[in-house]
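Trainee: Sharing a structure, written as structure tokens. Questions coming.
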Amino acid sequence: MTREEKSIAIEDLTAKLAESNIVYIADTSGLDAETTSNLRRACFKAGIKLEVVKNTLLGKAMEASSNDYGDLSSVLKGTLPFLSQTLLIRQQKSLKISEKI
């Protein structure tokens with residue numbers, strides 16, 4: 001990934017963070033392919049965007065964001081999917097992952 005591509009990715013992630021009311025970081029390293037697929041389907045149905053991003057890029061996007069993420073960037077190790085959700089006041093969705101997978 002070139003510097004320009006990294007810069008674009010950080011800008012994109014910063015924009016996603018700005019438009020998201022809720023951000024999740026999940027450790028899916030112990031999940032098999034079927035369980036991961038079920039998790040992705042459950043997130044999609046609940047209106048949650050799930051994508052795997054480079055931890056360093058997400059950390060830089062968090063730093064660039066106007067939102068306060070506290071120490072959240074300190075847990076960005078290994079392969080962690082980034083999940084975000086924008087909740088509308090009239091249409092609030094929730095996902096109980098343990099019930100869906």
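The values are calculated or read from the model by the stated rules, or taken from the named source; none is laboratory data. Computed from a prediction, not measured in an experiment: that's the story for all the values here. Counting neighbours? That spans all protein chains shown, and the Cβs are built from the backbone with ideal geometry, glycine included. For the accessible areas, the whole protein counts, side chains as well, though only heavy atoms, and no ligand, DNA or RNA atoms are used. Shrake-Rupley method; radii C 1.70, N 1.55, O 1.52, S 1.80 Å.
Trainee: Would you point out the residue of the stretch 16-54, among those that are open to solvent by 50 Å² or more (accessible area, probe 1.4 Å) and assigned to a loop (DSSP other than H, G, I, E, B), that is modelled with the highest pLDDT?
Mentor: Among residues in the stretch 16-54 that are open to solvent by 50 Å² or more (accessible area, probe 1.4 Å) and assigned to a loop (DSSP other than H, G, I, E, B), the one modelled with the highest pLDDT is Asp32.
Trainee: What are the pairs with Cβ atoms under 7 angstrom where one residue, in the stretch 1-27, is free of Cβ contacts under 8 Å to residues at least 60 places away in the same chain and the other, located anywhere, is among the charged types (D, E, K, R) and open to solvent by 50 Å² or more (accessible area, probe 1.4 Å)? Sequence gap at least six, or different chains.
Mentor: Within 7 Å, the pairs are Ile10/Lys60.
Trainee: Let me confirm something: among Ala33, Ala42, which residue is free of Cβ contacts under 8 Å to residues at least 12 places away in the same chain and farther than 19 Å from Leu57 by Cβ?
Mentor: Going through Ala33, Ala42 in turn, the sole match is Ala33.
Trainee: While we're here: Taking the stated definitions as given, is Leu13 open to solvent by less than 30 Å² (accessible area, probe 1.4 Å), touching a strand residue (DSSP E or B) at 6+ places or on another chain (Cβ under 7 Å) and either assigned to a helix (DSSP H, G or I) or small (Gly, Ala, Ser) (or both)?
Mentor: no
Trainee: Counting just the residues of the stretch 1-10 that are modelled with pLDDT of 85 or more and open to solvent by 70 Å² or more (accessible area, probe 1.4 Å), which one comes out farthest from Ala61 (Cα to Cα)? Before you say what the answer is, go through the steps one by one.
Mentor: First, pick out the residues of the stretch 1-10 that are modelled with pLDDT of 85 or more: 2-10.
Narrowing the set further to residues that are open to solvent by 70 Å² or more (accessible area, probe 1.4 Å) leaves 2-6, 8.
On the way: Thr2: 17, Arg3: 14, Glu4: 15, Glu5: 14, Lys6: 11, Ile8: 11 Å.
Looking at the filtered set, the residue picked out is Thr2.
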